[in-house]
Every structure is written in structure tokens, then in C-alpha cells.
Amino acid sequence: MTHPRSTAHRRLGAVVAVVLMATAGPAVLPAGAATGTGALPVAAPAATSDVTAPLFKPGDTVWGLGRTGFLTWDAADPNVKRWTRLSDGAVTTFPYDSDAFGSHDSDVVVLRGYSKTTLRSMETGADLLSVPMRPNQYAGAVGSTLFTSTTDSGEGPLELHSPGTNGPVRRTASGLHLGAAGQHVVAAAGNEALVRYTTGSGADLVRHLAVLDIPSATVVSTHRTGTPGQYTDFALSAGYVAWTEAEGTAATVVVLDRATQKVQRFKVPEAPRLSIGLVGKWITYSRPGGLQEYGNETANALTARSLTSTATRKLLDHTVSGIDAPGDAHGFLGGTVAGGEGLYRIAPGTDGVPVASLVASTGAPTQVALLRHNIPTTLDLDRTGGGFSMAWDLSRNNVDMTVTLRNTRTGESITEYVGVSTRGEDWPPMRFDWDGNLDWHGDPGFRTAASAGPYTWQITATPRNGIGPALKESGSFTVTRKTGAHDYDSDGSPDILARDTAGRLWIQDVHHDPGWTGTAQNPDSLVGGGWQVYDRIEATGNIAGAAAPDVVARDRDGALWLYLSKGDGTFTARRKIGGGWNTYVHLTGGSDLTGDGRPDLVATDRSGRLWLYRSTGSVSAPFATRRLIGSGGWQTYDRLAATGNIAGAAAGDLVARDRDGVLWLYLGKGDGTFAPRTKIGGGWQRYDDLIGSGDVDRDGRPDLYVADVEYGNPSPGFYRGTGAWRTPFRPVERLNTVHIGRTFNLFA
């Protein structure tokens, strides 16, 4: 059988602590603890397979299997060896300075110290014998018999040490080839041992197997095996001797019928390293380590093959290592989707066909399982910088995994392939560095910022090695973020209102995504029709106390109407603010000019005076009585835009374009008045509209949106706010946009 390998699967170590919490679900980060780094919480996972309580830890290696218990080496510290009794789970720990191995086909443990080797019965706890190791060299053990050779190279006689009345009885094996070297017991069955050794050297080196009768210390038969240097595993039963011979990327299993001397050979592709065992008239074989492999190889499963027909049976989905066991049986550390990970005994069923029975469980699942994730109940995207690094800790990472995030209010979603984290974590999780964006209206060619609201996440992880079904897990969370100044769908990004010549109002989503399309304007989303009755439409910001920004519209009779934004791209039914507003030439809103935290409205009349309407936060009376803040001269301007704070001070500001195309900055003082104007620059007559859009590029400063209309379609751009009053804007940047074919006549 294949000797165990000390490969600690620490990823599953936490499973043991909570395997009995079978319905607890994967662990999550405590609410309110989300950060942009997306670190996984240190929390225990829940079991996902219906198995018995664990008797040893995931990653522990098995070095012996008897009728009453089994021997393991600790995954974290191989110096810690334990014998676990099957009847009650009682554990015996061996001295730290001794190696411990199972004696073939028994409940005896071999304790190898510096000066002596001891055989201990784990049924009784008694030491059966102790043999000095100088000049003896350990060569294996079967039951209560210890095998040694007399030289470091294993040359010289093979000696057997058995308990006697007056101490160990030593005998010398007879029947081995002259010059036998490297002698070691590799398998056993009943009172027989299978001894591996070589003869010759260099090009003349030959590998042999000998079946040794233990009571008589006599070789019963010898067999020449594969080419020296190739990987070989061995098995012995009363009726057969078996071994493997590696051939490139494949292995050949050789089975000798001891009664007839007939040899059967069959090749197993893509499995140069095989572990084999014999059960009655069947041989089992598997490619160890398949659970962590990325290839879907049939040899990963433990397969039983009949030696008298062509029948085969799948016993385990994968194996880690094999071990001898008493009787017509052997053991495998491995797993099945139904039973999970653990130690399995392979023995004849009632019909003689081998069956696998779970001896001891680690509590870990064989199928891919979600152990924990870091997605909080509430995710504040403003706090996390607009995105979040989502992580899912799986029981294993050799999967093809996708994640879908869906806004259940809007239906917008994103599906992405998820890879293993590259952050250097120990046993890294599967990680999706979400940038806070979704596919716009289901179109993967456009992106939009994720709006506030309820979300679901769903992962699908398909094992690349074919072991177990695809994992499907899901959960929910809520995204919160501050609504922007020009943000009608609660995604934190500005939206531009555009009315077409048919009177329909559209929302044009402006989206900043440096890693995708830069800064873009998505195709239009319809708000509704009938807006041709208005000659002025103005985005005012939140003037009525709700979270989302509002809109005012003036009809041709001079009545001003209020539309409250719902925050989902729609508005409430209009409310009348009052009449007489046709006295004004320009209206603009969105800047907090009075320092009360609410955006205000300013208007210029036909006499060139500037009026301030301070917002109240009241739906029924959204503006206080008007106040004159500019006694004249404002008729020189043909465009006004309330920009918010673009120049670094606390109060909101205003820009105005004169009829010569010069843009001027009015810095707000915070008391409803402005500092003397400063010139920004000329050439602004090229633009049909100037809009204080809020923060387009997500740098925390408001920007200025501009549009020059070509054939009725806007050619939009924006000026990044700098926060410096002398140079408040950087050079214009054009927005990537899509023209749908509509003709527009108003923007806000």
C-alpha cells in the first residue's frame, strides 16, 4: 500500500471545531464590519456532509489501521502521533521523540526511538518487545514481529524478532537472493510478509519481491518486478501478489495468481503513481492526491477491478493514501460525496464484491463546500471607496467559479469569473474585487454604478477534477451609499435629464469607470412623457427633505412645479409650488448658498437682478420668501449653473457665461451672497448647456457637465473640479456615449 504523505490540508482544519453544527451555515463577517480590503473573518465553518462526529483532523496522515483503532500523524506537527480507539474515540499520544508506525495487519504500533524500537499492542497497552537499533536497521513489522537488517544499506541477513518467554526471539530469514539489499516489508497478509529488495548494481540492478512465511522465517516465492527507479506499490493476499510498474505518464498493474502463476496486466493512463490493494478476487487502484488536482482523471477514484471477469466498481471518489488492514481488507484515506472525508475500510461485501465503509471521519466534505465568506449584511460603498473585495473560502480551490451580484430592485446584475486570491494569503480564498459596478440594464457592453438597495450574491464553483457536483451558494446584502447631487437612481453617479422633441424626459446615466470605458454616458432611460408643457426644467438637488435630489419645472403660464425623486429613476406626481415664475429668465439650483446643508435656487429676472430662494426642506413650501442678492447686471449672462463647492470653500458656488463666451466664477460666502466674480476663461460659447452635475469622477469634488448639440444629440463632456478658485477646472474630457437617434431640446 502507498505510504501516507504529510500534506497538511490546513484549509479544512477549522472544520473539526464545528462539524456538529450541521445546520449553522457558512460564517460571515459581523454586520457593520465591512472594509474595502475584504479580509476574511476568523470564524469556524459549518459541516456540509452528513457524516459521523470527527475522530481525527483534516490533513492528518494515517500510518496504521487495526481492528480496534488507527494511527495518525498530526497535520500541523508531524511529531505528534496519536492512536484513536474506534469504540469510544479515546486517544493515546506517543512520546514526542519517537517515530510511530503501524505494524502491518494489526493493532500493534512500532515506536522507533534513537536507540531502540518497541512494538506496543494498542489492544492491551503492553509492550510486546524492544530491540536495540545498533547495529540493527529497521526493515518493517507485521503484527508482533519486527524485521531488521544488519547494515545501513539493508544488505546482509534479514532478521525477524518475535516475543518470547525470556525476551525477543531472533531468527534469520532464509531463501532470499544472495546479496539482497534494501530489504523492507511492504505488505502483509495473515502470517505472510511481502519483502522488497534488490540485487546487483548499476545497469545490473534488479528489483525483487519475496513472499516470506513468518512462522518459519522462510521465503515461499520470489518475483522479479519493474525497472529499478520506477515508482512501485505492492499488495499481498492469500491468493495474489500485485505490484505496479510506471510507464511514462501511465502505470501498469501486475497481478500474479499464486496458485496458477498466471499473470494479469492492465494499464491505467494518466496515473504513473498508483496505490493498490487486494480484496478477495478483486484488486483496487487509485491515483492518490486527486482531490487537489486540476485534471479530471478517471484514476482519481478508487476503483475495484475483478480478477475473474471484466467487472469494475467505484468505491471512493478519491484517495490520499492507502494502508494495510487485518483480514481480507485494507484501508484508504479519502472520501466520497455521500460520506465525506475520512478513513475507509475496503473489505468484501456479502457477495464478495469490495465495499467501502467509513471507519473514522474528519468531518470535512469531499464535495466543494463554502466554509465562510466576508460579505456583510450591509455594505456601505462610500465607506469602502466605491467597491469591495469579496472573498469566499472554499474547502478547495481547484474549481471554475463564477459570481453573480444582482440588485433585486432594479434587476441589474454582473457575472464574473472568480480566481484564487493573489494577495499572498495562506490558503487563499476565491476573491472577486468588485469595483462597485453592474451591467447597465443587463447589457454587458455598458456599466453603471451599483445603486443603493437590496442585493443577492450567488456563486457557482465547478470542480475542475470532476469530484463532486458544482457548488451553488447564495446570500443577500444591502448596499448603502450617499445619493449624489444629480443622482436620481441612488447609484452615487450623476444623471443628466434630457427632454426630446416629443416631450419625453429621459435620464442619461453618467458613469466613471477607469478600468472599463473611462467616463461614459449610458443610453437613455425613459422617465415619462408630457414634459413639453414646460419651458424650464431644473435639477435642484434635495430641496424637500428626502434623500434623493428633486426637480422643478416651469410651465408656459409661469407656474413652478415640484417633482420629488423616488431615488429609483422615477418621480412622484407633481406638486405646485406657485405662479408668477415667468418673470425669470434663468433658474439654477443645486448649490448650498446659505450654509444650512440644503441646496438653494437662484433666478435672474428680466431686469438683470439675481434672486435667492432658500430651500426649507418642506414638501408643501420648499422655498422661503425670495431675497434679492444681485441688484443688477445679470442680464449679461446667457447661462447660469449652480455647481456646488468647486473652489475649496465650504459654501456652494455659481458659474455664469456671458454673451461673449467668457465663463465667470462666483464664490459663495455661505450667507446667500457671492464674492466678486473671477474670470475662468473664454471660448465657452461652444456649449449649448452648462450643468452643475455633481461629482462625475468620484474624487469628492463637484464637476461641470457640458454639452454641445450636434444634429439634436449632445456631444457631452465634463470639467473636473480642482478645488482651487483660481483654476477651478481641469481641461475638458469627452464622455463616451451612444446616440440612439432621438433629438433633444433641453438638458438639466
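Please treat every number below as a calculation from the coordinates, not as lab data. Just so it is clear, the model here is predicted, and its values are computed rather than measured. Virtual Cβ from ideal backbone geometry, glycine too; neighbours counted across all protein chains shown.
A few comments on the model shown:
- Partners of K472 within straight-line reach, counting aspartates and glutamates whose Cα lies under 17 Å from its Cα and excluding those fewer than 8 residues away in the same chain: D393, D400, E416.
- Each 20 Å bin from zero up to the one holding the largest Cα-Cα distance in the chain carries the following percent of pairs: 15, 32, 19, 16, 14, 4, 0.
- If R0 equals 51 Å, the separation of the Cβ atoms of T480 and T172 corresponds to a calculated FRET efficiency of about 0.05.
- Taking a ≥ b ≥ c as the square roots of the eigenvalues of the Cα gyration tensor, segment 271-331 is classed as oblate, since a/c reaches at least 1.5 and a/b does not exceed b/c.
- Mean Cβ count within 10 Å, highest first, over the residues of peptides 697-707, 526-536, 438-448, 317-327: 317-327, 697-707, 438-448, 526-536
- Förster radius 45 Å - calculated FRET efficiency between A650 and T743 (Cβ-Cβ, nearest 0.05): 0.65
- Helical content of the chain, expressed as a calculated mean residue ellipticity at 222 nm, amounts to 0 deg cm²/dmol (DSSP H runs of 4 or more residues, -39,500 (n - 2.57) each, divided by residue number, nearest 500).
- Assigned charges on the beta-carbon of Lys, Arg, Asp, Glu; segment 370-480 dipole about Cα centre (debye): 240
- Farthest positive-ward along the chain dipole, Cα basis, beta-carbon charges - from A624, L379, Y344: A624
- Simple spin-label estimate for N191 and A238 gives 1.3 nm between the two label positions (7 Å along the Cα-to-Cβ direction from each Cα).
- Spin-label pair R574/V353, simplified geometry with 7 Å Cα→Cβ offset, distance in nm: 7.9
- Rounded, prolate or oblate (a/c below 1.5 giving rounded, otherwise prolate when a/b exceeds b/c) for segment 385-453 by Cα gyration tensor: prolate
- Cα gyration tensor category, rounded, prolate or oblate, for segment 195-326 with a/c compared to 1.5: oblate
- Dipole axis of the chain (+1 Lys, Arg; -1 Asp, Glu on Cβ), positive-most option in W392, G723, L735: G723
- Counting 0.36 nm for each residue step from K267 to T249 and taking away their Cα separation leaves a gain of 5.4 nm.
- Taking 0.36 nm per residue of separation and subtracting the current Cα-Cα distance, fully stretching the chain between N79 and A547 would add 162.2 nm.
- With K and R counted +1 and D and E -1, the other residues having a Cβ less than 9 Å from that of W561 yield a net charge of +3.
- Using Cβ point charges alone (K and R +1, D and E -1), the dipole size of the chain about the Cα centre works out to roughly 360 debye.
- Computed extension length for T501-V91: 139.2 nm, one decimal, from 0.36 nm per residue of separation with the Cα-Cα distance subtracted.
- Of V602, T572, G590, farthest towards positive along the dipole that unit charges on Lys, Arg, Asp, Glu beta carbons give segment 565-618: T572
- Efficiency of FRET from Cβ geometry, R409 and M133, R₀ 56 Å, rounded to 0.05: 0.15
- Long pairs among K57/K81; K281/K314; K57/K314; K262/K314; K482/K566, criterion Cα-Cα beyond 21 Å: K57/K314; K262/K314
- Inter-centroid distance (Cα atoms) of segment 102-160 relative to segment 470-489, Å: 65
- Within a straight-line Cα-Cα reach of under 12 Å, K576 can be paired with the following aspartates and glutamates, leaving aside sequence neighbours fewer than 8 residues apart in one chain: D555.
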